[in-house]
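Written out below as structure tokens is the structure these notes cover.
The values are calculated or read from the model by the stated rules, or taken from the named source; none is laboratory data. Everything quoted here is computed from the prediction, not taken from an experiment. Neighbour counts are summed over all protein chains in view; Cβ atoms, including those assigned to glycine, are modelled from backbone coordinates with ideal geometry. These accessible areas exclude ligands, DNA and RNA; they are computed on the full protein's heavy atoms, side chains included. Shrake-Rupley method; radii C 1.70, N 1.55, O 1.52, S 1.80 Å.
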Amino acid sequence: MNMNLFETKIGILGAGAIGQLIGFQLHQAGAHLNFIHKYDYSCDEVVNFTDLDRNEHQYQIRALTASDPLVKRLKLIIVCVKAYHVVDAIKGIEPFIAKDCHIVLLHNGLGPHLEISQYLKANQGLSLGTTSQGATRDFKWSVTRTGKGLTQLGHCIGQPLNADLKQLLLAAIPNSEWTDEILPSLWYKLAVNSVINPLTAINSCKNGSLAHQDYSNTIQDIISELMLVAEHEKLPIERTLVHDRVHEVIKLTQNNYSSMHQDIAHQRQTEIDYINGYLVKLAHKHQIHIPTNKKLLDSIRLLSQQRQ
Ligand code: PAF
């Protein structure tokens, strides 16, 4: 690997659980790392990280305001904000980033990538990713890793990610892979989120409860409708693999509360518009009916309103 790479600066936008987890993994791999935050000043921060063996680590990073001249030197920015913040986050940094900066989006759900292309310059590029690693944020700059899981990344539009940076990312993130076809991988994760997130939020239960017989018809219906939309979108995904993936994640994360369950419980905005809402939007485009997903979308929107 090109040794100058460690001089190559990488930025993380979004210091939530996943942002800080990936940040720690890149820091451990020797990357020169900065976070970009929403405040109008730059400052040094001490970040705490607890690994799966309960070992505690501390390291220092610089949190940059978007207009800090250091932002222009970033060659790669990994965007780890919630789906509903992605477009505004990109618009906010776009005037300040290098003309050849590469962007990676890592969030639950789908949709924002379709809007991002208009903000990319000729030498910039966009990759997408999904991670099943688990982490929880204990307080602002403190995160605990809670689970292992696959991370998949792949090219979406514009210039491809530089080979050395790609190698650094894959070396830093355990159990990560680069895939030539990232959209089908994101659809498998979309299926997992379309089932687990709304059902656990509506029924106020842990992910593992969905293994109960009572949920099997609804889960089948959500998956059948997703398969119908995927067919119209000409996405090569397989029903048996979707079904197996959903049930595997229910089992692997049986003791977790899903992110949407937590969002509803803490009266935060949910990502429903980018999960079941994304499917409903595509179904509308193709003039097909997906009543189960539509009902889940409506129920979560109603729950959010009631909790306000
Ligand atoms: O959003 C979540 O909570 C997670 O993506 C998943 C995989 C459903 C586990 O809880």
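In terms of its C-alpha gyration tensor, segment 184-307 comes out oblate, because a/c is 1.5 or above while a/b does not outweigh b/c. In a simple Cβ point-charge model (Lys, Arg +1; Asp, Glu -1; nothing else charged), the chain has a dipole of about 400 debye relative to its Cα centre. Which of the aspartates and glutamates could be linked to Lys121 by a straight reach, that is with a Cα gap under 19 Å, when you skip same-chain ones fewer than 8 residues away? Here the aspartates and glutamates satisfying the reach criterion relative to Lys121 are Asp88, Glu94, Asp100. Carbon-plus-sulfur accessible fraction, segment 1-86 (probe radius 1.4 Å, protein heavy atoms only): 46%.
Using a 1.4 angstrom probe on the protein heavy atoms only, line up Val280, Val104 by accessible area, largest first.
On the way: Val280 30, Val104 5 Å².
So, going from the largest accessible area down, we get Val280, Val104.
Given a 1.4 Å probe and the protein chains all in place, what does the accessible area of Trp187 round to, in Å² to the nearest 10? Number for this one is 0 Å². Our helix-only sum for the chain, with -39,500 (n - 2.57) per DSSP H run of n ≥ 4 divided by its residues, gives a mean residue ellipticity at 222 nm of -12000 deg cm²/dmol.
Averaging the sequence gap over all C-alpha pairs within less than 8 Å and six or more residues apart, then dividing by the number of residues, gives segment 3-180 a relative contact order of 22 percent.
Computed from the mean reciprocal separation of all distinct C-alpha pairs, what Kirkwood hydrodynamic radius does the chain have, in Å? After inverting the pairwise mean of 1/r, the radius is 20.0 Å.
Could you give the DSSP H helices of the chain that reach 15 angstrom or more along their long axis (alpha carbon positions) and whose average Kyte-Doolittle hydropathy is no lower than -1.0?
Numbers: long enough: 17-28 (17 Å, 0.56); 182-202 (30 Å, 1.05); 216-232 (24 Å, 0.35); 239-252 (20 Å, -0.16); 291-307 (24 Å, -0.88).
Answer set is 17-28, 182-202, 216-232, 239-252, 291-307.
Using a 1.4 angstrom probe on the protein heavy atoms only, could you order Lys99, Lys75, Lys140 from most to least accessible area? Write down the numbers at each step before the final one.
Details: Lys99 145, Lys75 75, Lys140 100 Å².
Per-residue accessible area, sorted high to low, gives Lys99, Lys140, Lys75.
Sort segment 243-308 into rounded, prolate or oblate with this rule: let a ≥ b ≥ c be the square roots of the eigenvalues of the Cα gyration tensor; rounded if a/c is under 1.5, and if a/c is not under 1.5, prolate when a/b is larger than b/c, oblate otherwise. Please list the in-between numbers first.
On the way: a/c = 2.65, a/b = 1.14, b/c = 2.33.
It comes out oblate by the Cα gyration axes.
Charge dipole of segment 184-307 (Cα centre as origin; +1 on each Lys and Arg Cβ, -1 on each Asp and Glu Cβ, all else neutral): 240 debye, rounded to the nearest 20.
A convex hull fitted around the alpha carbon atoms of segment 3-180 yields 109 Å³ per residue.
Computed on protein heavy atoms with a 1.4 Å probe, the accessible areas place Met260, Met227 in the order Met227, Met260, largest first.
Provide the per residue accessible area, probe 1.4 Å, for the chain, rounded to a whole number of square angstrom. Please list the in-between numbers first.
Numbers: 14850 Å² over 308 residues.
On a per-residue basis, 48 Å².
In segment 1-150, a dipole from Cβ-located charges (positive for Lys and Arg, negative for Asp and Glu) runs towards its positive end, and of Leu33, His57, Leu110 it is Leu110 whose Cα lies farthest in that direction. Each Cα pair under 8 Å and six or more residues apart adds its sequence gap; the mean of these over the residue count of segment 209-277 is a relative contact order of 26 percent. Using a probe of 1.4 Å, the accessible surface attributed to Tyr215 totals some 40 Å² when neighbouring protein chains are kept in position.
Look at the alpha carbon pairs under 8 Å that are at least 6 residues apart: their mean separation over the length of the chain gives a relative contact order of 15 percent. A straight Cα-to-Cα reach below 16 Å connects Lys148 with the lysines Lys189, Lys251, residues fewer than 8 places away in its own chain not being considered. Relative to one another, the C-alpha centroids of segment 95-158 and segment 269-308 are positioned 23 Å apart.
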